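Enquirer: Starting off with a structure, shown below.
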């Protein structure tokens, strides 16, 4: 499967078409299409394009699904023996981006429509399910019964 390494929000991500990623908040509306041109690396069926630092003519297109906030991170500062404590929380603003396509010099290398058409899940047919046989054994045959005789116990005082 082709993939690209992009840079956004000061971080580098390995992205594939048809998947969504949580990145730093982008100043766009939901359902907008975003084009990212800071592409560092592209791999397509063994063909590799490495940028120095960016791949010329490469773009990654994605659609903004929604804006959200990340998990809360607790920051706790304390000075021992000084009765100084400071507790703060932080939640990062994120944008969920669905990657639609990877392009190089205007040619679409991979798109989410091409990857979603493949179905790796095998479905069972009714005839293959009907061919299987199940056997049931009686419960009485499986359980052995044994008789235990009680032995008297002497109580010593």
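Listed here are the residues, each with its yes/no results for (1) touching a residue at least 40 places away in the same chain (Cβ under 8 Å); (2) surrounded by 10 or more Cβ atoms within 10 Å (Cβ to Cβ); (3) outside any strand (DSSP E or B).
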site	(1), (2), (3)
26	yes, yes, yes
30	no, yes, yes
41	no, yes, no
49	yes, yes, no
71	no, no, no
75	no, no, no
78	no, yes, no
95	yes, yes, no
101	yes, yes, no
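Enquirer: Exactly one of (1) in a strand (DSSP E or B); (2) farther than 13 Å from residue 102 by Cα is unmet by residue 62. Its number?
Expert: Result: residue 62 fails condition (2) only.
Enquirer: Does residue 67 satisfy the criteria of being under 21 Å from residue 6 (Cα atoms), at pLDDT 95 or above and either touching a helix residue (DSSP H, G or I) at 6+ places or on another chain (Cβ under 9 Å) or in a strand (DSSP E or B) (or both)?
Expert: Judged against the criteria, residue 67 is a match.
Enquirer: Based on what the data block shows, is residue 17 within 23 Å of residue 110 (Cβ to Cβ) and buried (at least 18 other Cβ atoms within 10 Å of the Cβ)? It would help to see each step written out before you state the result.
Expert: Numbers: within 23 Å of residue 110 (Cβ to Cβ): yes; buried (at least 18 other Cβ atoms within 10 Å of the Cβ): yes.
Criteria met by residue 17.
Enquirer: Look at the range 80-93 and say how many of its residues are free of Cβ contacts under 8 Å to residues at least 40 places away in the same chain and either surrounded by 11 or more Cβ atoms within 10 Å (Cβ to Cβ) or in a strand (DSSP E or B) (or both).
Expert: Selection size over the range 80-93: 8.
The values are calculated or read from the model by the stated rules, or taken from the named source; none is laboratory data. Everything numeric here is computed off the predicted structure, so don't read it as measured data. Neighbour counts are summed over all protein chains in view; Cβ atoms, including those assigned to glycine, are modelled from backbone coordinates with ideal geometry.
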